[in-house]
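The values are calculated or read from the model by the stated rules, or taken from the named source; none is laboratory data. The structure displayed is predicted, hence computed values, not measured ones. We place every Cβ from the backbone using ideal geometry, glycine too, and count neighbours over all the protein chains shown. All accessible areas refer to the heavy atoms of the entire protein, side chains included, with ligands and DNA or RNA removed. Shrake-Rupley method; radii C 1.70, N 1.55, O 1.52, S 1.80 Å.
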Amino acid sequence: MSNPTETRTEVRFVTVNEHQSGQRVDNFLMAQFRTLPKSRIYQMIRKGEVRVNKGRVKPETRIDEGDIVRIPPVSLTPGAENEIPIFWKERLIKNIVHEDERLLVINKPAGIAVHKGSGLPYGVIEILRAARPELEFLELVHRLDKDTSGCLVLAKSGKILRDLQKASMNKRYLCLVKGYWDKGRFDQHAKLDIENREHGERHVVVSPNGKEAHTRFDIIEHYPKASLLEAKLFTGRTHQIRVHAASMGFPLLGDERYGDPEVNKAFKSKGLGRIFLHASSLMIDMPPYDYAFSAPLPDDLNKFLNNLR
């Protein structure tokens, strides 16, 4: 079976509209080329093939309404968008917990990344863009790890994206940790080095030279050899809850990076198939709007807790 014939696009000059304003250049290009590998997007930026108002840019450069973006010619493989399974489109649409003219909120399932990359052909953002092609703008406001479920917010315009990123957000998670939590309410302030690497992969560690990080843990329920906690984030560092909990001797169950392998193995035999971390609620203070969202604990985690009881 032969490969689909590649087509070569022409150079284009696109004027940024009000919905696109505020986007990073890399995200703008990913929306323009939804089937193009992420590596090619960054390559064209790095080589200076992409220009904004005739000037070179970086991936994180933000564009404004009225800017003129030079988009270079690229080779595209037709039909790549059809590779997103209908199953995922239907599942994410079904998991929408709120939608209005400004934003869209889903209860993200575990097992799906928020965006493509590192060998993943698609993520939540690509699936929703394909499922809702009528939306001119759709961008992630924040992120969740692949195996973390729960509240995930997407903006429908550049202005709303900027407003949401400046807004005060109250994020709360449910997590099941190893052992008997005897600290009641506890605020962990350990600084985190989010740039640390082990075997080429990000491995966040507590370090006096790291960035400020603050997590508040509250006990919800005790189980045999485990405790269900609510974690409130005051900062949003990479893997913050996981590393803070582990640093206190209470690693999250099912956490293959920062957890206890033997304990994970024991609880896997009891039915825990992934890390027990769920973004349960999110409140956003964005005058004149105040939002409050919640996402129920997924069936797999509920079933596991019932088995523990």
**Prompt:** Relative contact order (percent) for the stretch 108-242, with alpha-carbon contacts under 8 angstrom and 6 or more residues of separation?
**Reply:** 19 percent
**Request:** Determine, at each q value in 0.09, 0.10 (inverse angstroms), the log₁₀ of I(q)/I(0) that the Debye formula gives when each Cα of the chain is one equal point scatterer.
**Result:** -0.52, -0.64
**Asked** Taking the chain as a Gaussian network, where each spring joins two C-alpha atoms under 10 Å apart, which residue of His244, His214, His203 fluctuates the most?
**Response** His203
**GNM flexibility winner over the chain from Glu49, Glu134, Glu18 (Cα, springs under 10 Å)** = Glu134
**Request:** Take the Cβ-Cβ distance between Arg12 and Asn170 as r, set R0 to 45 Å, and report the resulting FRET efficiency rounded to the nearest 0.05.
**Result:** 0.60
**Asked** If contacts are Cα pairs under 8 angstrom and at least 6 residues apart, what is the relative contact order of the chain in percent?
**Response** 15 percent
**Fill in**
FRET efficiency (Leu135, Arg91; Cβ distance; R0 22 Å; to 0.05) is 0.75
**Request:** Please list the equivalent ellipsoid semi-axes of the stretch 4-50, computed as the square roots of five times the alpha-carbon gyration tensor eigenvalues, in descending order and whole angstrom.
**Result:** 19, 13, 11
**Item:** the stretch 61-182: relative contact order in percent, alpha carbon pairs under 8 Å with at least 6 residues between
**Value:** 22 percent
**Asked** Hey, what number do you get for the chain at 222 nm if only DSSP H runs of n ≥ 4 count, each worth -39500 (n - 2.57), divided across all residues, to the nearest 500?
**Response** -6000 deg cm²/dmol
**Fill in**
Share of accessible surface on carbon and sulfur in the stretch 165-238, whole %, 1.4 Å probe and ligands ignored, is 45 percent
**Message:** Can you compute the modelled spin-label distance between Lys270 and Glu198, with each label point 7 Å from Cα toward Cβ, in nm?
**Reply:** 2.4 nm
**Fill in**
Restricting to lysines and to Cα separations under 16 Å from Lys303, and discarding same-chain partners fewer than 8 apart, the set is Lys268, Lys270
**Asked** Based on the Cα coordinates of the stretch 170-285, what is the per residue volume of their convex hull in Å³?
**Response** 111 Å³
**Cross-link pairs Lys38/Lys211; Lys94/Lys159; Lys183/Lys225; Lys94/Lys116 - those with Cα-Cα distance over 24 Å** = Lys38/Lys211; Lys94/Lys159
**Prompt:** Using the Cα atoms of the stretch 1-147 to build a convex hull, what is its mean projected area in square nanometres?
**Reply:** 9.6 nm²
**FRET efficiency, 1/(1 + (r/R0)^6) with R0 45 Å, evaluated for Glu99 and His189 via beta carbons** = 0.80
**Fill in**
Across Val14, Val105, Val177, the residue with the highest GNM fluctuation in the chain (Cα network, 10 Å cutoff) is Val14
**Asked** Using alpha carbon coordinates only, what is the Rg to Rh ratio of the stretch 93-219, with Rh defined as the Kirkwood radius?
**Response** 1.01
**Request:** Return one whole number: the accessible area per residue of the stretch 194-233 in Å², for a 1.4 Å probe.
**Result:** 57 Å²
**Prompt:** Label points 7 Å out from Cα along the Cβ direction at Lys303 and His214: separation in nm?
**Reply:** 4.0 nm
